[in-house]
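The values are calculated or read from the model by the stated rules, or taken from the named source; none is laboratory data. Because the structure is a prediction, the values reported are computed rather than measured. As a convention, Cβ positions derive from the backbone with ideal geometry for all residues, glycine included, and neighbour counts pool all protein chains shown. Note: accessible area is taken over every heavy atom of the protein model, side chains too, but ligands, DNA and RNA are not part of it. Shrake-Rupley method; radii C 1.70, N 1.55, O 1.52, S 1.80 Å.
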Amino acid sequence: MRSPREFNQELLRRYMRWMVIQHYAVSTQTFYSQVLKAYCAFLQRQVIAAATHNGVLDFLASEASRAQSLQSLHHKLDILRVFYDCLR
């Protein structure tokens, strides 16, 4: 049985493959990967697929407290939205 961390990493790997298939730019893939890794680190030992909308809001609030711009927060929300859409 995989740990939550290993499971999350596998989901991220699959998502990265999906982005390649969709012809996302390499720079976009890199940025999305960074955001999703930060999100996984924020969730700690929680499985990313089991996170709730409150987990997403808590992550964005945490990012906002680090002086992130509103545009940056919207972009991160969009990244998470596309990621969860892909999981479905």
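Say we look at region 1-18 and pick out the residues that are among the hydrophobic types (A, V, I, L, M, F, W, C) and within 13 Å of the chain's Cα centre (by Cα); which of these is most open to solvent (accessible area, probe 1.4 Å)? Applying the filter and picking the extreme gives Met16.
Output the residues belonging to region 32-57 that are within 18 Å of Glu10 (Cα to Cα) and either open to solvent by 70 Å² or more (accessible area, probe 1.4 Å) or small (Gly, Ala, Ser) (or both). Result: Ser33, Gln34, Lys37, Ala38, Ala41, Phe42, Gln44, Arg45, Gln46, Ala49, Ala50, Ala51.
Taking region 58-67 as the range and being loosely packed, with under 15 Cβ neighbours inside 10 Å and either at negative phi or touching a His at 6+ places or on another chain (Cβ under 8 Å) (or both) as the test, the residues that pass are Asp58, Ala61, Ser62, Ala64, Ser65, Arg66.
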